[in-house]
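Nothing in this text is a laboratory measurement; each read-out follows from the coordinates by a stated rule. Bear in mind the structure is a predicted one, so any value in this text is a computation, not a measurement. Don't worry about glycine lacking a Cβ; one is built from the backbone with ideal geometry, like all the others, and counts go over all protein chains shown.
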């Protein structure tokens, strides 16, 4: 029987509250939605993971979904990785298999470098080793979106957002009116705050480059790619950087799918996560293997041990 253990805001710093949803029992899986999606994006995936005996921890990063959007905050990917670590520390659920979509995969890569004891494996859903959540070139578009929204054009902004979701999909049938409403719920409630946060993501430089440090990531990584032609696909240079930098990388292409694999092919994403979770549990090199051994050694002796 599954229990909703937590659905709340967790404060990771003053003024910085993240939406966190924890459900299920078993080995923990961290799920981080991409820049264009809230926790709702995993609604098809989490039941499959629960059926596989896994516990899900969904975190909406600062400035995304329904999480806080404080002005003046550090929105670098490095800072976001630190907030993910703070959530895992607060919940005491690590080490996790961390699965992230799009740009949020770069947060998880940084988390594995920053706190390697927290991450047992990584599933990247169309996410590469980017050095910025958004490129500086999008600043003009964001400022225009703020102007349009301020003139009462929130519906226009939402329609353009929905069109972007469709262009990023192999099978766009999932992009219906109800889903777009759920995806845009957080931004609609505070459009100015959302655009301010995105401008910060575009303009704040990362303190340390990720690509040169990829060889330091020792855990296994599964990269899921959509096989259909679509916007937002992993750039050739990003794929090459992962292939050259990661010693334990597996690339899986899902035919017919686009950028939002958790929407179009949740079964493929669930299979990758469950498979990796089972693999790291038996791998003596894995932080999870060590933590499970430690828990067993600290457990009270059974009848056969007395």
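The angle between the Cα long axis of helix 77-91 and the longest principal axis of the Cα atoms of the chain comes to about 50 degrees, rounded to the nearest 10.
The angle between the Cα long axis of helix 154-167 and the main principal axis of the chain comes to about 60°, on a 0 to 90 degree scale.
Across region 1-139, the fraction of Cα-Cα pairs farther apart than 25 Å, rounded to a whole number, is 18%.
Across region 4-297, the relative contact order, built from alpha-carbon pairs under 8 Å that are at least six residues apart, equals 21 percent.
Between region 98-132 and region 22-41, the C-alpha centres lie 13 angstrom from each other.
Ordering 188, 198, 64 from the fewest to the most neighbouring beta carbons within 10 Å gives 188, 198, 64.
Once the Cα atoms are used to define both axes, helix 236-245 deviates from the longest principal axis of the chain by about 20 degrees.
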